[in-house]
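What follows is calculated from the coordinates using simple rules that are stated; it is not laboratory data. Not measured: the values here are computed from a predicted model. Every residue, glycine among them, receives a Cβ derived from its backbone with ideal geometry; neighbour counts consider all protein chains shown.
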Amino acid sequence: MQSRYSLNLGKPFGIRVSVHWTFSLLIAWIIIISIGRGLEPTQIIMHILFILALFVCVVLHELGHSLAAIKLGGEVDSITLLPIGGMAHMSKMPEKPRDEFIVSAAGPLVNVVIAVLLWIYLFYIRPVDIESMDFQTITSRNFPLMLMAANLFIVVFNLIPAFPMDGGRLFRSALAIKMSRLKATRIAKDIGQVFAIIFIIAGLFFNPFLIIIGFFILLGAKGEYEMIKYQDVLRNYTVKDIITTDYSELDISDSLEKAAERLVKISDNGFVVKAEGKYAGILTKNDLINGLNSHGKQAEVKDILNDSVEPVECNKALFEVYLDMQKKRLYILPVIEDGEFRGVLDLENLHEFFLIRKATQ
Ligand SMILES: [Zn+2]
């Protein structure tokens, strides 16, 4: 989720929490529905406050996952709030079945704790008479009870074994004790997709949010399964195994016009730029097109050369580099060994390498 589409809310425990712009659609939707039901402005405000309180619970849920993951050696970049719930972006996930089980359970567990605290409040601290309560709208009287019910709903809904939802992750980690992580993920993904289709069909009749959640599950399950397939195939290799020295080259003083002419003839994702025969940087296809737009074709390669691309070490694990390239949207990287430039790693070659290894595994 790009941060420019999100509003930053803060950085608890060093984890950036932001809310996606589509969240405002949810608020708008609640206002429209409430007006349609003929509610008073104060009642509408109550409904909005309720949704905000619920989303605080969702943030705490995601923090539950995140802190458990960090404790077990994972890395969490950020938490994004969407109208359908929260999402913790982890750049490194604990992978041992037991650890994964704990991380997946930690989120729903937070909502159990919140529900229990609200229950104690409602039945011991400020006892309420539930029978006399009106549940047609949210009021200051029924607010804590409704919030307790909503937290229990979050627990139950998240425990549906629809991978990559929490229940699906718990299921996968339980399977992974007995079989490979790849096979466990495949089974969890297949079951997840069945649930996704059920959600989408149910959503057509009951609640449009279920349709969106269904699609999220379909895409999420597929994406994560693909990722684990890559991991399974690539885990025994390092950058050295696919480094290419057969790259396309430009000189730092070449004109952008010359570079553009050559661009259409190469299949690589960019050029290696050299100055007096020595490595000077990488010029990606995108950099070149942008450079032509901003500097014109008479400019030289050195005018637009981006030397901020971090080179990778030859002996680095291939899957780690692959994840990094995906995350930073890099298509080509310079490779070094003992500080010396050795060649490039092109994402295209990495995909081909994966397909060949997978076919011959
Ligand atoms: Zn969760």
#### Entry: For the chain, with +1 on Lys and Arg beta carbons and -1 on Asp and Glu, the positive-most of Ala150, Ser66, Ile33 along the dipole
Ala150
### Query
Among residues other than Ala106 whose Cβ falls under 14 Å from its Cβ, what is the net charge (Lys/Arg +1, Asp/Glu -1)?
-1
### Task
Give a residue-ordered list of calculated ³J(HN,Hα) values for the range 111-128 (Karplus: 6.51 cos²θ - 1.76 cosθ + 1.60, θ = phi - 60°; whole Hz; x for Gly, Pro).
5, 5, 4, 4, 4, 5, 4, 5, 5, 4, 4, 6, 9, 10, 7, 10, x, 10
### Summary
Applied in sequence order to the range 91-101, the curve 6.51 cos²θ - 1.76 cosθ + 1.60 (Karplus, θ = phi - 60°) yields integer Hz couplings, x standing for Gly and Pro, of 7, 9, 10, x, 10, 5, x, 5, 5, 5, 4
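State to the nearest 20 debye the size of the charge dipole of the chain about its Cα centre, where the only charges are +1 on K and R beta carbons and -1 on D and E beta carbons.
Details: 36 positive and 38 negative charges, 215 e Å.
Dipole magnitude for the chain comes out near 1040 debye.
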### Task
Whole Å is fine, so just give me how far the alpha carbon centre of the range 29-57 lies from that of the range 183-212.
28
### Query
Which of the lysines could a cross-linker bridge to Lys278, judged by Cα under 18 Å and excluding same-chain residues fewer than eight apart?
Lys302
### Task
Return one number: the angle in degrees, 0 to 90 and rounded to the nearest 10, between the long axis of the Cα atoms of helix 285-295 and the longest principal axis of the Cα atoms of the chain.
80
### Query
What is the set of long-range amide H partners of Asp251 at a cut-off below 5 Å, with H atoms built 1.01 Å from backbone N?
Lys274
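How big is the dipole moment of the range 239-360 about its Cα centre under a simple scheme where the beta carbon of each Lys and Arg is +1, that of each Asp and Glu is -1, and everything else is neutral? Debye, nearest 20, please. Write out the running numbers ahead of the final one.
On the way: 16 positive and 23 negative charges, 83 e Å.
For this selection, approximately 400 debye.
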#### Entry: Angle between the chain longest axis and helix 23-36 axis [Cα atoms, degrees, rounded to 10]
30
### Query
What ranking do 8-19, 220-231 get when scored by the average of other Cβ atoms within 10 Å per residue, highest first?
220-231, 8-19
### Summary
With only helices counted (DSSP H, runs n ≥ 4, each -39500 (n - 2.57)), the per-residue ellipticity at 222 nm for the chain, to the nearest 500, works out to -18500 deg cm²/dmol
### Message
Can you work out the Karplus-derived ³J(HN,Hα) for every residue in the range 70-87? Use 6.51 cos²θ - 1.76 cosθ + 1.60 with θ = phi - 60°, whole Hz, and x for glycine or proline.
### Response
4, 4, 9, x, x, 10, 10, 7, 6, 10, 10, 9, 10, x, 8, x, x, 9
### Task
Apply 1/(1 + (r/R0)^6) to the Cβ-Cβ distance of Ile197 and Thr245, taking R0 = 56 Å, and write down the FRET efficiency to the nearest 0.05.
0.70
### Query
Under a point spin-label approximation (7 Å from Cα along Cα-to-Cβ), what is the Lys302-Arg126 distance to one decimal in nm?
7.2
### Rounded to 10°, Cα long-axis angle of helix 181-205 versus longest principal axis of the chain
50
### Summary
Amide H proximity to Ile336 below 5 Å, modelled H, separation 5+ or other chain, gives Val312, Glu313, Cys314, Arg342
